[in-house]
Amino acid sequence: MGSIRRSGWRGQVGRVLVTLVVLAVAVAISPPGARLLGLPLPWASATSTCTAPTTITVAAAPRAVPLVEEALAPVDGTRLSDERCLTVQIQSQAATDVISGASVLPPDRAPQVWIPDSSLWVRQIDTWEFAAAGSLATSPIIVAGSPAAVDSLGWATHPPAWGTVLSGEHPVALPDLRDDATASTALLGLWQSLGMDASADKAIAAAVISAARADAPSVQDALQAAADDDPKGPFLITSEATVVDANRGADQPRLVAVYPRGGSPALDFPLIRVAPKQQDSHRTLAVDAVLAALGTDPVPALAHANGLRDGSGAAPEGTGIETATVAPLAAPSNTETAAFLGRLRDLQVPSRILTVMDVSPSMRSGVPGTPLSRVQLAGQAAIAVGNLLSDRSSAGLWIFSLERDGALPYRQITPLAPLGTTRNGQTHRDLLDRELAALPDQVGGAGTALYATAVASVRTMTEHYQEEAVNSVVLFTDGSNENDPSISLNEAVAQLTALHDPRHPVQLIAIGIGPTADVQGLQALVAPTGGKAYRATTPQELRQVLFDSLARRTGPA
């Protein structure tokens, strides 16, 4: 046989199936014009002497590797009709590694066959050409939890919609979006089920931001809660195959699969021929042989033995899922998928936010219906937004009012730094929260240098722009440019226009608190930066405004 790499069989069923496959191939193959189960295949005798090998590299998702190894074992080393031997090399490779390779490797150094766990990955490469050749297997994306947790919500008999699952009402562990197609596929299902409109975009943003929070449950947290049968433990967004694996050999289910109402997207394990125009006739023939073997009748049984559904969606028997009703979601169009993936990429980019807080005397004014002053409300809202940001995100704090720091109408309180960094036993997040809570002690001065501060804060962020982050200024004020004739609105707008660089964008988000805020002036200031101005008069409005400012952000150009 050739150099196929194997990682071991999966139980007695897998060994029996592979034996049957090998026997079938041995009986069916005869030169010329070999046939397997009545299907013509492009190889001839496995015993004849080969003039030279043709090596085919198959890059497969780790979850698919055992299935691919078993399916290709019978054809590795066989002689093809061009008198060359087929040698199969199987690489267990995460999709993100393949995507990274595509950015630097020419097509002739790409794997000849790629089997990622989801077609979503394929759409993220534009340097290689592809030809789809079917699906190796499928596995629906589901919600999983301990039996006690599922029973407590009645989800076994009355499954929730995706919007309910990911609304934040119940703790949910979402795998890392950067390297796990399960999370991306689940969010695609949520986006589709909500209509793929602006409200669906906000729901996606909410789920992504929630999953990135420092206190968000992890996949391990959810699995441990399931092992403990915790009725209040977090649920897990995962594939059906994960549930099959978790329950294998158990008398009672450890994980219960919930199939959300309205349909489930699925991992589809596509068979992808990579860069077909770069292949000569020998390699084309060899790839044909590999793809033919991956599409033969024994493969569905091998998929079932590995806990996966086959390409048609039929479930493996004896696993407890064969009776599950799964409503598949139709695949969105290429344009819709591209828009979704672009939105997802933007949301995963870390934030770098300079918070600029008005501490002029009017910020002591009370907020109707609450015991809070305007500056307390703004500080608490900023703390809440900071808690939504991951530890990879950076934040800093300025305050501004006239006559506070010599000639300057603004002052740095905390520098920009990643929220997760630690100094003297304290995280930067904790330091920032403490300073925001102490803002009432900073109120004073003789007016509001709104225009000068807006320009200075955007200039600072532009001069210290950080690649691979969303750079923005979030400015809070309750008034207008008061008692500061040093710069006019038109001059400030002109300077902000000159500072704006589309390749290194710094958005200015301006939030007017209360009825006296000059929203018209704020709108003029934010326009050159591509930002947005808001008015908020209640705590509820302010929370919504701040979330919207996070949700609408875009990544680096």
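The values are calculated or read from the model by the stated rules, or taken from the named source; none is laboratory data. Being a predicted model, the structure only gives us computed values, none of them experimental. Reconstructed Cβ throughout: ideal geometry from the backbone, glycine too, with neighbour counts over all protein chains shown. Calculation scope for accessible area: heavy atoms of the full protein, side chains included, ligands and nucleic acids excluded. Shrake-Rupley method; radii C 1.70, N 1.55, O 1.52, S 1.80 Å.
Please pick out the residue among ASP76, ASP82 that is charged (D, E, K, R), open to solvent by less than 10 Å² (accessible area, probe 1.4 Å), within 15 Å of ALA286 (Cβ to Cβ) and at pLDDT 90 or above.
Every option except ASP76 fails the conditions.
Across region 516-555, what is the total count of residues that are at pLDDT 80 or above, under 22 Å from LEU496 (Cα atoms) and either in a loop (DSSP other than H, G, I, E, B) or open to solvent by 50 Å² or more (accessible area, probe 1.4 Å) (or both)?
Residues that pass the stated criteria total 9.
Among the listed residues ALA212, ALA186, ALA250, ALA200, which satisfies the condition of being free of Cβ contacts under 8 Å to residues at least 12 places away in the same chain and within 17 Å of the chain's Cα centre (by Cα)?
Going through ALA212, ALA186, ALA250, ALA200 in turn, the sole match is ALA200.
Yes/no per residue for (1) at pLDDT below 95; (2) touching a helix residue (DSSP H, G or I) at 6+ places or on another chain (Cβ under 9 Å); (3) open to solvent by 40 Å² or more (accessible area, probe 1.4 Å):
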residue	(1), (2), (3)
SER401	yes, yes, no
ARG404	yes, yes, yes
PRO418	yes, yes, yes
THR422	yes, yes, yes
GLY425	yes, no, yes
GLY447	yes, yes, no
VAL455	no, yes, no
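Filter region 427-445 for residues that are in a loop (DSSP other than H, G, I, E, B) and more than 40 Å from the chain's Cα centre (by Cα); which is surrounded by the fewest Cβ atoms within 10 Å (Cβ to Cβ)?
GLY444
Taking the stated definitions as given, is VAL299 open to solvent by less than 10 Å² (accessible area, probe 1.4 Å), more than 28 Å from ALA52 (Cβ to Cβ) and within 32 Å of the chain's Cα centre (by Cα)?
In short, yes.
So for region 357-370 (the condition being touching a Ser or Thr at 6+ places or on another chain (Cβ under 6 Å), part of a strand (DSSP E or B), at pLDDT 85 or above and open to solvent by less than 20 Å² (accessible area, probe 1.4 Å)), does at least one residue qualify?
For region 357-370, residues touching a Ser or Thr at 6+ places or on another chain (Cβ under 6 Å), part of a strand (DSSP E or B), at pLDDT 85 or above and open to solvent by less than 20 Å² (accessible area, probe 1.4 Å): present.
Look through ALA64, ALA26, ALA60, ALA94 and report the one residue that is at pLDDT 90 or above, of a type in the set (A, V, I, L, M) and open to solvent by 10 Å² or more (accessible area, probe 1.4 Å).
Sole residue among the options that is at pLDDT 90 or above, of a type in the set (A, V, I, L, M) and open to solvent by 10 Å² or more (accessible area, probe 1.4 Å): ALA94.
Hey, LYS232 hits all of (1) buried (at least 20 other Cβ atoms within 10 Å of the Cβ); (2) within 24 Å of ALA156 (Cβ to Cβ); (3) of a type outside the set (Asp, Glu); (4) touching a Ser or Thr at 6+ places or on another chain (Cβ under 9 Å) but one; which does it fall short on?
(1)
Which of (1) open to solvent by less than 40 Å² (accessible area, probe 1.4 Å); (2) modelled with pLDDT under 90; (3) acidic (Asp, Glu) does GLU70 not meet, given it meets every other one?
Every condition holds for GLU70 apart from (2).
List the residue pairs whose Cβ atoms are under 9 Å apart, where the first residue sits in region 95-119 and is closer than 14 Å to PRO270 by Cα, the second is assigned to a loop (DSSP other than H, G, I, E, B) and of a type in the set (D, E, K, R), and the two are 6 or more positions apart or on different chains.
From residues that are closer than 14 Å to PRO270 by Cα, the pairs are ALA95/ASP117; ALA95/ASP179; ASP117/ASP180; ASP117/ASP268; SER118/ASP268; SER119/ASP268.
Counting only residues that are out of contact with any Cys (no Cβ under 8 Å at 6 or more places or on another chain) and surrounded by 19 or more Cβ atoms within 10 Å (Cβ to Cβ), give me the strands (runs of 3 or more DSSP E) lying completely in region 102-179 with at least 3 of them.
113-115, 137-145
Under 8 Å between Cβ atoms, which residue pairs at least 6 apart in sequence (or on different chains) link something in region 70-92 that is more than 14 Å from THR51 (Cβ to Cβ) with a partner that is open to solvent by 40 Å² or more (accessible area, probe 1.4 Å) and among the hydroxyl-bearing types (Ser, Thr, Tyr)?
ASP76/SER3; VAL88/SER3; VAL88/THR55; GLN89/SER3; GLN89/THR55; SER92/SER7
Modelled with pLDDT of 95 or more and open to solvent by 20 Å² or more (accessible area, probe 1.4 Å): which single residue out of ASN481, ASN490 fits that description?
On inspection, the qualifying residue turns out to be ASN490.
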